[in-house]
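Contents: one structure, followed by commentary.
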Amino acid sequence: MTEPSSDDGGTFRRETDRVVNEIAQGLRTLDAGVGWFSGLAPTRQQEVLREVAGYAMQAHITAADGRAGVARSGVKPTANPSVMICMDPPRYGFAGLPPAEYVKAFRVLVSVFAVADTRRRETYCKGACGHAWHNLPTATEQP
């Protein structure tokens, strides 16, 4: 398994932030993101799930975002992560799932975040957004 080149938690969080936002903005495919995620140790995967759950909360996901994200994720609507994100209110304890469910949880969380973040970029931030994560360069390197 690969680990970030630095033990600095801040560096790892920035990498997570970049990967997730690139997926949300269509600059990286979900499958490429899953490849990155799958290469992490289980403890790092838990950290990513906690971080992305926080992004989803900050994006104020709706029930409609949850359903649309699950449909995009390729994960069955009856899988634990799909059910959790579509609850009202959503449940965010994805890092507490068994490790065998981490990839499904990542797919669901990132897909739902992408739907909610796109909605917010097209409404609240349209034309006058100062959020650095909404203004990523269009050409990025993908591992």
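The values are calculated or read from the model by the stated rules, or taken from the named source; none is laboratory data. Every value quoted in this text rests on a predicted model; they were computed, and no experiment measured them. Ideal geometry is used to build each Cβ from the backbone, glycine not excepted, and the neighbour counts take in all protein chains shown. Just the protein is used for accessible areas: all its heavy atoms, side chains included, with ligands, DNA and RNA removed. Shrake-Rupley method; radii C 1.70, N 1.55, O 1.52, S 1.80 Å.
Within the range 48-65, residues that are under 21 Å from Glu101 (Cα atoms) sit with their Cβ atoms under 7 Å from residues that are of a type in the set (Phe, Trp, Tyr) and surrounded by fewer than 22 Cβ atoms within 10 Å (Cβ to Cβ), at 6+ positions apart or across chains, in these pairs: Leu49/Tyr102; Ala53/Tyr92; Met57/Tyr92.
For Pro89, are the conditions met, namely being surrounded by fewer than 17 Cβ atoms within 10 Å (Cβ to Cβ), over 20 Å from Asn21 (Cβ atoms) and in contact with a helix residue (DSSP H, G or I) (Cβ under 6 Å, 6 or more places away or on another chain)? Spelling it out, it is not the case that Pro89 is surrounded by fewer than 17 Cβ atoms within 10 Å (Cβ to Cβ), over 20 Å from Asn21 (Cβ atoms) and in contact with a helix residue (DSSP H, G or I) (Cβ under 6 Å, 6 or more places away or on another chain). A Cβ distance below 9 Å, combined with a sequence gap of six or more or placement on separate chains, defines the contacts here; from the range 103-114, residues that are touching a residue at least 60 places away in the same chain (Cβ under 8 Å) reach residues that are acidic (Asp, Glu) in the pairs Phe113/Asp65. Restricting the range 45-70 to residues that are closer than 13 Å to Arg120 by Cβ and hydrophobic (A, V, I, L, M, F, W, C), the residue that is surrounded by the fewest Cβ atoms within 10 Å (Cβ to Cβ) is Met57. Residue pairs whose Cβ atoms lie under 6 Å apart, sitting 6 or more positions apart in sequence or on different chains, and linking a residue in the range 16-31 that is farther than 13 Å from Leu109 by Cα to a partner that is among the acidic types (Asp, Glu) and open to solvent by less than 20 Å² (accessible area, probe 1.4 Å), are Arg28/Glu22. Restricting the range 47-105 to residues that are small (Gly, Ala, Ser) and assigned to a loop (DSSP other than H, G, I, E, B) leaves a set whose member that is farthest from Glu15 (Cα to Cα) is Ala79. Anything in the range 71-83 that is in contact with a Lys or Arg (Cβ under 9 Å, 6 or more places away or on another chain), among the hydrophobic types (A, V, I, L, M, F, W, C) and either touching a residue at least 60 places away in the same chain (Cβ under 8 Å) or surrounded by fewer than 20 Cβ atoms within 10 Å (Cβ to Cβ) (or both)? List them, or say none. Within the range 71-83, Ala79, Val83 meet the criteria. Does Gly33 qualify as being surrounded by 13 or more Cβ atoms within 10 Å (Cβ to Cβ) and either under 16 Å from Val112 (Cβ atoms) or at pLDDT 95 or above (or both)? In short, yes.
May I ask you to verify whether Ala41 is out of contact with any Lys or Arg (no Cβ under 8 Å at 6 or more places or on another chain), at pLDDT 90 or above and either of a type in the set (Val, Ile, Thr) or open to solvent by less than 30 Å² (accessible area, probe 1.4 Å) (or both)? For Ala41, the condition - out of contact with any Lys or Arg (no Cβ under 8 Å at 6 or more places or on another chain), at pLDDT 90 or above and either of a type in the set (Val, Ile, Thr) or open to solvent by less than 30 Å² (accessible area, probe 1.4 Å) (or both) - is met.
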